[in-house]
Amino acid sequence: MSSATRTSTFLKNVLLNGVGRYVCQLQRVTLQFCKNRGDSKEMRDFIEKDLVDFARNNPGIVVYLQPKRHKRPYFRAEYLNGAKIDFAADNYTRDELGRWLQHLRTRSGVQIQRLRKPYHTDYVSIQGEWTPFTNLPTELNVTEFPNEELSRVVNRQPTATQLVLEMAEKQRVRSSESDGTVSGKLQSDT
Amino acid sequence: MATSIGWRLLQKSYWQSFYCLSHNLTFKKSSLVFTRGFQKWQRPAFQQLYLRSEKALPEEEKPRSAAYNWNRKCEIYAFGKRLGEEFEQDVLQQAFIHKSYVEKEYAERQELGIAEDAEGLQIEHNETLIAEGNSLMESHIKSFLRDHYPHFPEEGISVMHDFLTSDVILEYIGNNIGMRDLILSKDFPPSVQCVKETFMAVIGALQRSQGDVRAKLFVQDFVLTQLLQQDMNELWKLVNPMGILRTILEKQGKGLPEPRLLRSTGSSTVVACYLVGIYSDKKLIGQAPGETVTIAEEMAAQDALRGIFKTRTNHTAIDSIAKHRELNTDPTKRNPLLTELCEQFKEQTSIHVS
């Protein structure tokens, strides 16, 4: 699947989170597991040993436990913007489960899509947007066109004749400095 | 092959169909039998049943509290903690109970023959909390804006406050904080007005639990930040800006505004652009482009007024909202009224200040 077939979005933030204060976007998480099934074993260990610490450290997240007979273990997360994310967690190790919970805690409910730009701003320009009049001299307002002065060809690079004349001048200055002796040879660039 | 009795059994509900599909049940001679693999007819048949049942009786949106993984006490506690505040739980509970819910409860109790204020069954609604929250929100928003835009007229401040406390904005904030699942009101989903009022009640509850300072910071972090995505100059529409500018400059004893054409391009085309500048005492006080000279002149007058009110850029608000934590704004201070600045235009600026 190429990026052309998948949807893409611009960078979004829920309710300008972080500008005023940071609010954890995860509202509640439900851990579904089976009390008997083997693929829930690590999940059961996680619940016994690590989950209470997680709940204590995150008082803003409501943690629900849903034992369901003969069903595979599941994460069901609900976010403040109404998004619901769920996925199966069969045979995930205790460490993996902790990491997935951490991932759920730190993301927002915004759908994970390719970002067209990794930045967003409401202020398009700080110095002022370019207009066709920016940096144009105001003298143009009172200039009659066609204008001879402005129509002149401007040589930004020196011509070959000018270069040779410059070199000759340099040599003359150098030779006049060194006790008036005149050197017949044109000196190569030093 | 499925019999007619079997089809009627299947038609009972979507969930029954799903049960059959998930458990690979099929009909063989009018009795349910387990088969291996899905039968070819099952998927399209159950899909049709589902689509038709949805069309006939679309599934109503149920409140989150209807699910069995719901604990109201925990949810309300988490709501407070998530926002980084220490609420008094009783007051916060009260903040979510709308008056319409209490009325509905009382009506039900009457039907059942229970006394309205039976012991242990008393419910208090959030009407006083709404009033308290609303007044604190209004006073803080206005004093914050007055502090940051001291030259902006009072009418403009009112308009900005009305925008920030409009139904749309407060409902949007309330829903994205997680209030939607907690509100107790007569109808579900709660109306826009109900969500807006509950948000105000939460501010009132915070004021009661933790005092004015924390409640004001709450308003700052959630309500005032909504200004950042909105150009404040677009909110307040001024009629006859040139007239207002002339009167203000006259009162200030400065030179009367003289509009001059600064730039023009494409005059004979459809996409003409004229840049008009307003001069006062031979100094440029405002400039703006426009499709025609008249439009450009009006825009330039508005730009000049923005220069006088010092509201050209919104950027200062960003730093302030995050850093301005001292809250030493004077609540009694008022900005100059536009009607005072230009008395003869009282009829035209028809915005009343509360």
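The values are calculated or read from the model by the stated rules, or taken from the named source; none is laboratory data. Not measured: the values here are computed from a predicted model. Positions of Cβ are generated from backbone atoms using ideal geometry, with glycine treated the same way; all protein chains shown enter the neighbour counts. Side chains included, ligands, DNA and RNA excluded: accessible areas come from the protein's heavy atoms. Shrake-Rupley method; radii C 1.70, N 1.55, O 1.52, S 1.80 Å.
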Taking region A:29-68 on its own, how many of its residues are in contact with a helix residue (DSSP H, G or I) (Cβ under 6 Å, 6 or more places away or on another chain), among the acidic types (D, E) and either part of a helix (DSSP H, G or I) or at the interface with another protein chain (Cβ under 10 Å from one of its Cβ atoms) (or both)?
2
Within the set of pairs 6+ apart or on separate chains, which have a first residue in region A:107-133 that is farther than 24 Å from A:A77 by Cβ and facing another protein chain (nearest Cβ under 10 Å), a second that is open to solvent by less than 100 Å² (accessible area, probe 1.4 Å) and of a type in the set (S, T, Y), and C-beta atoms under 7 Å apart?
A:P132/B:T265
Matching residues in region B:240-283 (out of contact with any helix residue (DSSP H, G or I) (no Cβ under 8 Å at 6 or more places or on another chain) and open to solvent by less than 80 Å² (accessible area, probe 1.4 Å)) number 10
When the residues of region A:13-28 are filtered to those that are under 19 Å from B:E75 (Cβ atoms) and assigned to a loop (DSSP other than H, G, I, E, B), which remaining residue is farthest from the other protein chains (Cβ to nearest Cβ)?
A:Q25
Conditions (1) open to solvent by less than 60 Å² (accessible area, probe 1.4 Å); (2) part of a helix (DSSP H, G or I); (3) within 14 Å of another protein chain (Cβ to nearest Cβ); number of the one not met by B:S143:
(3)
Among B:G253, B:G243, B:G277, B:G204, which is the only one that is of a type outside the set (A, V, I, L, M, F, W, C), over 28 Å from B:K99 (Cβ atoms) and either at pLDDT 95 or above or in contact with an Asp or Glu (Cβ under 8 Å, 6 or more places away or on another chain) (or both)?
B:G277
Under 6 Å between Cβ atoms, which residue pairs at least 6 apart in sequence (or on different chains) link something in region B:214-225 that is without any contact (Cβ under 8 Å) to a residue 60 or more places away in the chain with a partner that is surrounded by fewer than 21 Cβ atoms within 10 Å (Cβ to Cβ)?
B:F222/B:I173
Can you name the number of the only condition in (1) closer than 20 Å to A:L136 by Cα; (2) at pLDDT 95 or above; (3) under 40 Å from the mean Cα position of the chain (by Cα) that B:I295 fails?
(1)
